[in-house]
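The values are calculated or read from the model by the stated rules, or taken from the named source; none is laboratory data. Just so it is clear, the model here is predicted, and its values are computed rather than measured. Here the Cβ is made from the backbone with ideal geometry for all residues, glycine too, and neighbour counts use every protein chain on show.
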Amino acid sequence: MTFVQVDAWLRLAALAPSPLNTQPWRFRVTPSHIELWSDPARGLPVADPAGRERTIACGCALLNLRAAGAASGCDETVEPLPDPASPDLLARVRLAEGPADAALAALAPAIERRRSTRRALEHEPLPAGLLEALAAEAAAEGAELLPVDGRAAREALADLVAEADRRLHHDPAWRREQARWIHPGRTADGLPASRLGGRALRFLVGHFDFGGTSAGRDEVFVLHAPAVVLLGTPGDEPLDWLRAGQALERVLLRAALHDIHAGYLQGPLQLPDLRERLAGAFTPGRMTQVCLRLGRPVEPPGPRRRRPVAEFAEFVPA
Ligand SMILES: Cc1cc2nc3c(=O)[nH]c(=O)nc-3n(C[C@H](O)[C@H](O)[C@H](O)COP(=O)(O)O)c2cc1C
């Protein structure tokens, strides 16, 4: 592993998605391996008290690192959660010249193409066979991808998403937390403010209950998306979340190769009672980790925001 190579891999790792673009990861690079750490200082204690979504985001970054390494012709050894005394140390990765995982390497070109969307999606259906291919990507990481098909199922999900929107937006602590990441002072992380201008949007999100507006918009999104999918895992422990993150990123990268991108419908997963209802109705025997709508966004995404590698990586000399 040369410095230049690792620097390039970490830049690609950090293109992973994360809730509110918090980028909640740190990397520690030693001469023999790369450690991935969760960064609790970049967590969302109100929306994500257990750090579940933070770990999922780190899992996405881990998958990017593995794919980037494979595309450079490296064989990978990944030790998940290697030290029970350090729960924030999520993985220890060794990348060395050797037989690379061809399926992972094939996903690497999509790392820079993948984007999330908060806008509407075109109505055209997904390319034939793509949903099955996405399910296979999730299965390769030990997770299950289940489509939500049919009018009745979409309506039931839309009701849960709308109820979550109303309840979350009604909570002043949740609104304040969201507003902290939609801040005009942020340019390398957080979410961009809309046309309203940063200060105004931040004030509005922090002070007013937009639950009704979001609920109406998300209901339409659920009912009309070309595909809606749920990602489930057998358990609900940090190892399951790390797996879910890697499965999620595999799904997103494979979709991005076809110019298909995802919008997130995470509201019901942030409220324990709704999460249980969602799992009971749609992923029985599994815990639901992520809920996505998939399709071709009607508008191109805005500029991407990421912190430079030096801000989240530490290089430990020999
Ligand atoms: C676990 C997880 C949860 C997310 N939740 C939401 C969400 O609730 N709403 C949303 O619009 N985007 C959500 N996102 C997407 C992020 O907003 C997005 O990744 C971030 O803004 C960076 O943009 P990019 O994905 O286009 O690079 C989530 C991403 C992850 C990994």
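Here the strands (runs of 3 or more DSSP E) wholly within segment 22-94 that include at least 1 residues being under 25 Å from ARG304 (Cα atoms) are 25-29, 34-38. Please determine, by comparing only the residues of segment 17-42 that are within 12 Å of the ligand (Cβ to nearest atom) and surrounded by fewer than 24 Cβ atoms within 10 Å (Cβ to Cβ), which one is farthest from ARG180 (Cα to Cα). If we take residues in segment 17-42 being within 12 Å of the ligand (Cβ to nearest atom) and surrounded by fewer than 24 Cβ atoms within 10 Å (Cβ to Cβ), then PRO17 is farthest from ARG180 (Cα to Cα).
Answer with yes or no whether ALA244 is closer than 26 Å to ALA158 by Cβ and either of a type in the set (Gly, Ala, Ser) or modelled with pLDDT of 95 or more (or both). Here the answer is yes, as ALA244 does meet what is asked. Checking the stated criteria, ALA96 turns out to be of a type outside the set (Val, Ile, Thr), touching a strand residue (DSSP E or B) at 6+ places or on another chain (Cβ under 7 Å), outside the structural domain of VAL290 (by TED's automatic domain parsing) and more than 15 Å from the ligand (Cβ to nearest atom).
When the residues of segment 1-16 are filtered to those that are under 14 Å from the mean Cα position of the chain (by Cα) and closer than 17 Å to LEU90 by Cα, the one that is surrounded by the fewest Cβ atoms within 10 Å (Cβ to Cβ) is ALA14. Given the criterion small (Gly, Ala, Ser), modelled with pLDDT under 95 and farther than 30 Å from ALA156 by Cβ, identify the matching residue among GLY197, GLY211. Among GLY197, GLY211, only GLY197 is small (Gly, Ala, Ser), modelled with pLDDT under 95 and farther than 30 Å from ALA156 by Cβ.
Scanning segment 101-127 for residues that are among the polar types (S, T, N, Q) and within 30 Å of GLY73 (Cα to Cα) turns up just one, SER116. All of LEU81, LEU90 fail the test of being more than 16 Å from the ligand (Cβ to nearest atom) and surrounded by 13 or more Cβ atoms within 10 Å (Cβ to Cβ), apart from LEU81. Taking (1) in contact with a His (Cβ under 6 Å, 6 or more places away or on another chain); (2) closer than 30 Å to PHE221 by Cβ in turn, GLU122 satisfies each apart from (1).
Considering ARG154, ARG113, ARG180, the condition of being basic (Lys, Arg) and closer than 23 Å to VAL220 by Cβ is satisfied by ARG154 alone.
Among the residues examined, ALA68 does not qualify as of a type outside the set (Lys, Arg) and over 28 Å from LEU230 (Cα atoms). Does ARG42 satisfy the condition of being among the basic types (Lys, Arg) and in the same structural domain as ALA256 (by TED's automatic domain parsing)? Against the criterion (among the basic types (Lys, Arg) and in the same structural domain as ALA256 (by TED's automatic domain parsing)), ARG42 does not qualify. If you filter segment 234-257 down to residues that are within 21 Å of PRO84 (Cβ to Cβ) and among the charged types (D, E, K, R), you find that the one that is nearest to the chain's Cα centre (by Cα) is ARG243. Somewhere in segment 144-164, is a residue more than 22 Å from ALA281 (Cβ to Cβ), surrounded by 16 or more Cβ atoms within 10 Å (Cβ to Cβ) and in contact with a Phe, Trp or Tyr (Cβ under 9 Å, 6 or more places away or on another chain)? Looking for residues that are more than 22 Å from ALA281 (Cβ to Cβ), surrounded by 16 or more Cβ atoms within 10 Å (Cβ to Cβ) and in contact with a Phe, Trp or Tyr (Cβ under 9 Å, 6 or more places away or on another chain), one finds none in segment 144-164, hence no.
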